[in-house]
Amino acid sequence: QVQLVESGGGSVQAGGSLRLSCAASTYTYSWYCMAWFRQAPGKEREGVAAIVSYGGSIYIGDSVKGRFTVSQANDNHTLYLQMNSLKPEDAAMYYCAAGQSRSCTVLPPRPTLYTYWGQGTQVTVSS
């Protein structure tokens, strides 16, 4: 079974930066989509950023535009999220996800359309 593993979370002061990484346990699969989601207590899981290989689209959520950047290694199996100018409202559990069917190409990314998930990495932002 394909496994995704996130890393890079932690605690940072407002205005600081973090870089999240997501690595796949195998390189035998190609992805239609890879995405970052986040979920804070009491809130819905939110699509933060995505790279859609089918069609070559890149999505950045409105709330993080200008601050977050999503990128992918050229092997298409490692995903990054560079988070700058972090705000307290960015605090959440961040999840990496991948989709292997065309259904995941819809934007903004929807959690139900992604097949593989990491366990999440916690991001805390203090004022």
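Taken together, the values in this text are just the output of simple stated rules run on the coordinates, not laboratory data. What you see is a predicted model; the values in this text were computed from it and never measured. Using ideal geometry, Cβ is built from the backbone for each residue, glycine included, and neighbour counts are taken over all protein chains shown.
How much length is gained if the chain between VAL5 and THR26 is pulled fully straight, taking 0.36 nm per residue apart and subtracting their Cα-Cα distance, in nm to one decimal?
6.5 nm
With a cut-off of at most 13 other beta carbons within 10 Å, and DSSP calling the residue loop, which trypsin sites (Lys or Arg not before Pro) in the stretch 31-127 qualify? Please list them.
Passing both the DSSP loop test and the Cβ count: LYS43, LYS65.
Once phi is turned into θ = phi - 60°, what whole-Hz ³J(HN,Hα) does the Karplus curve with 6.51, -1.76 and 1.60 give for every residue of the stretch 46-56, x standing for Gly and Pro?
10, x, 9, 7, 7, 10, 10, 5, 6, x, x
How far, in nm, would the chain grow between GLN13 and TRP117 when pulled straight, counting 0.36 nm per residue and subtracting the alpha carbon separation?
Working: separation 104, 0.36 × 104 = 37.44 nm, distance 2.75 nm.
In short, 34.7 nm is gained.
If Rh is defined by the Kirkwood formula over all Cα pairs and Rg also comes from Cα, what ratio Rg/Rh do you get for the chain?
Using Cα coordinates only, the ratio equals 0.94.
Assuming R0 = 25 Å, what is the FRET efficiency of GLN72 and ARG110, from their Cβ-Cβ distance, to the nearest 0.05?
Rounded to the nearest 0.05, the efficiency is 0.80.
If I build a Gaussian network model for the chain, linking alpha-carbon pairs within less than 10 angstrom, which residue out of PRO41, PRO111, PRO88 has the largest mean-square fluctuation?
Taking springs between Cα atoms under 10 Å, the residue moving most is PRO41.
Taking the Cβ-Cβ separation of TYR54 and ASN84 as r and a Förster radius of 25 Å, what is the calculated FRET efficiency to the nearest 0.05?
With R0 = 25 Å, the Cβ-Cβ based efficiency is 0.30.
Per residue of the stretch 6-17, what does 6.51 cos²θ - 1.76 cosθ + 1.60 with θ = phi - 60° give for ³J(HN,Hα)? Whole Hz please, x for Gly and Pro, Karplus curve as stated.
8, 8, x, x, x, 10, 9, 7, 3, x, x, 10
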